[in-house]
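**Student:** Okay, here's the structure, questions in a sec.
The values are calculated or read from the model by the stated rules, or taken from the named source; none is laboratory data. Every value quoted in this text rests on a predicted model; they were computed, and no experiment measured them. Backbone-built Cβ (ideal geometry, glycine too); neighbour counts: all protein chains shown.
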Amino acid sequence: MRRRDFIKLIAGSAASWPLTAGAQQAGKLPTIGFLGAAKRSAYSQWDAAFVQRLRELGWIEGRTITIEYRWAEGRSERYAEIANEFVQLKVNVIVTWGTAAVVAAKRATMEIPIVFAATGDPVGTGLSNQLPDGAGKRIGLFREIVPDLRRLAIMTNIGSPIGALEMSEAQAAAHKLGLEVLPLEIRRAEDIAPAFEALRGDAQALYVVSEPLAGTNMVRINTLALGLRLPTVHGLREYAEAGGLMSYGPNIPDLFRRAADYVDKILRGAKPGDIPVEQPTKFDLVINLTTAKALGLTIPESILARADELIE
């Protein structure tokens, strides 16, 4: 999907949202449909931050609110299935993240308010994660760690709209630095190992585009990269925690806390159209020193001094 088509789709459906979350059935708790684009274990801190903030706002799961969790595990065909299930359940609001999941939810309903906790190319109600826009900063920091870098592989799920967008941004940033780019395009988990086999000996490092398929398989990707002695750079801290060398990007648990504020306002009668998209305010630079040691890399003091977290 082209960027312009995505914006048109979101803008068109956002205009048709109801002014409130809808009347409650007698005796029925307000219900949130939580569409997790990856697997729960990959991003457990995200939904925990969301639930904690709801609790602070007076929404207690099982007492004052019901949350229906569904996890697509990086399989794009599941987004529409889950969204349609939420429509059948008549949830009061859908919370999701990731561009493809947001698009699927919009296509499933023009009546239920949708809050995106983090998406890369947003128009509507939610929070932008700015992952594509951070590609240049990410690669610039990475090159300080790998100063002799000349050939950079970039892995993305080419079937993901935001994955394709970030791939484009990363390629442009790499070319500005005079790097040769080796694209690694995947569409499903079964494509990951063959992609690494095709790469063997050709690249010096790997940029992994952060999206649900990669997130679901982050440990596998980092393990295969380490086997080829490839330093990796990512947009989310969870990838560095799963063995990647470096990550730089928005603090997603913070975005999920802020998404809970959106849900609170909607359930209390706010008009979704009056709630603007907001940008991230917290960004984290995370370095995995254990991975650096395994790769025989020495992290420059200038990077260590700027890091928000060092994993040992």
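**Student:** Kindly establish whether Pro231 is surrounded by fewer than 17 Cβ atoms within 10 Å (Cβ to Cβ) and not polar (S, T, N, Q). Working first, answer last.
**Tutor:** Values: surrounded by fewer than 17 Cβ atoms within 10 Å (Cβ to Cβ): no; not polar (S, T, N, Q): yes.
No: the conditions fail for Pro231.
**Student:** Next question. Could you say which residue among Ala260, Ala305 is surrounded by 19 or more Cβ atoms within 10 Å (Cβ to Cβ), farther than 26 Å from Val209 by Cβ and at pLDDT 95 or above? Spell out the reasoning first.
**Tutor:** Details: Ala305 fails: surrounded by 19 or more Cβ atoms within 10 Å (Cβ to Cβ).
The conditions single out Ala260.
**Student:** In addition: Can you tell me which of (1) out of contact with any strand residue (DSSP E or B) (no Cβ under 6 Å at 6 or more places or on another chain); (2) at pLDDT 85 or above; (3) not hydroxyl-bearing (Ser, Thr, Tyr) is the one Ile7 doesn't meet?
**Tutor:** Against the list (1) out of contact with any strand residue (DSSP E or B) (no Cβ under 6 Å at 6 or more places or on another chain); (2) at pLDDT 85 or above; (3) not hydroxyl-bearing (Ser, Thr, Tyr), Ile7 comes up short only on (2).
**Student:** So in region 143-166, with the set limited to residues that are among the small types (Gly, Ala, Ser) and part of a helix (DSSP H, G or I), which one is nearest to Leu213 (Cα to Cα)? Don't jump to the end; show me each part of the working.
**Tutor:** Quick first cut of region 143-166, residues among the small types (Gly, Ala, Ser) only: 153, 159-160, 163-164.
Filter once more, keeping what is part of a helix (DSSP H, G or I): 163-164.
Details: Gly163: 10, Ala164: 13 Å.
For region 143-166, the residue satisfying everything is Gly163.
**Student:** A follow-up question, please. As an exercise: evaluate Thr96 against (1) touching a helix residue (DSSP H, G or I) at 6+ places or on another chain (Cβ under 6 Å); (2) surrounded by fewer than 22 Cβ atoms within 10 Å (Cβ to Cβ) and give the number of the one condition it does not meet.
**Tutor:** For Thr96, the exception is condition (2).
**Student:** Next question, about the same structure. Given (1) charged (D, E, K, R); (2) assigned to a helix (DSSP H, G or I); (3) over 26 Å from Ser210 (Cβ atoms), where does Glu111 come up short, assuming only one miss?
**Tutor:** (2)
**Student:** Another question, if that's okay. Do you know which residues across region 58-85 are hydrophobic (A, V, I, L, M, F, W, C) and buried (at least 17 other Cβ atoms within 10 Å of the Cβ)?
**Tutor:** Passing the criteria: Trp59, Ile65, Ile67, Trp71, Ala72, Ala80, Ile82, Ala83.
**Student:** What is the residue count in region 90-105 for residues that are modelled with pLDDT of 90 or more and touching a Ser or Thr at 6+ places or on another chain (Cβ under 7 Å)?
**Tutor:** The total comes to 3.
**Student:** Consider region 253-312. How many of its residues are assigned to a helix (DSSP H, G or I), of a type in the set (Gly, Ala, Ser) and not assigned by TED's automatic domain parsing to the domain that holds Thr64?
**Tutor:** Residues that pass the stated criteria total 4.
**Student:** If Ile303 passes every condition in (1) more than 19 Å from Ala205 (Cβ to Cβ); (2) touching a residue at least 60 places away in the same chain (Cβ under 8 Å); (3) hydrophobic (A, V, I, L, M, F, W, C) but one, which one does it miss?
**Tutor:** Ile303 satisfies every listed condition except (1).
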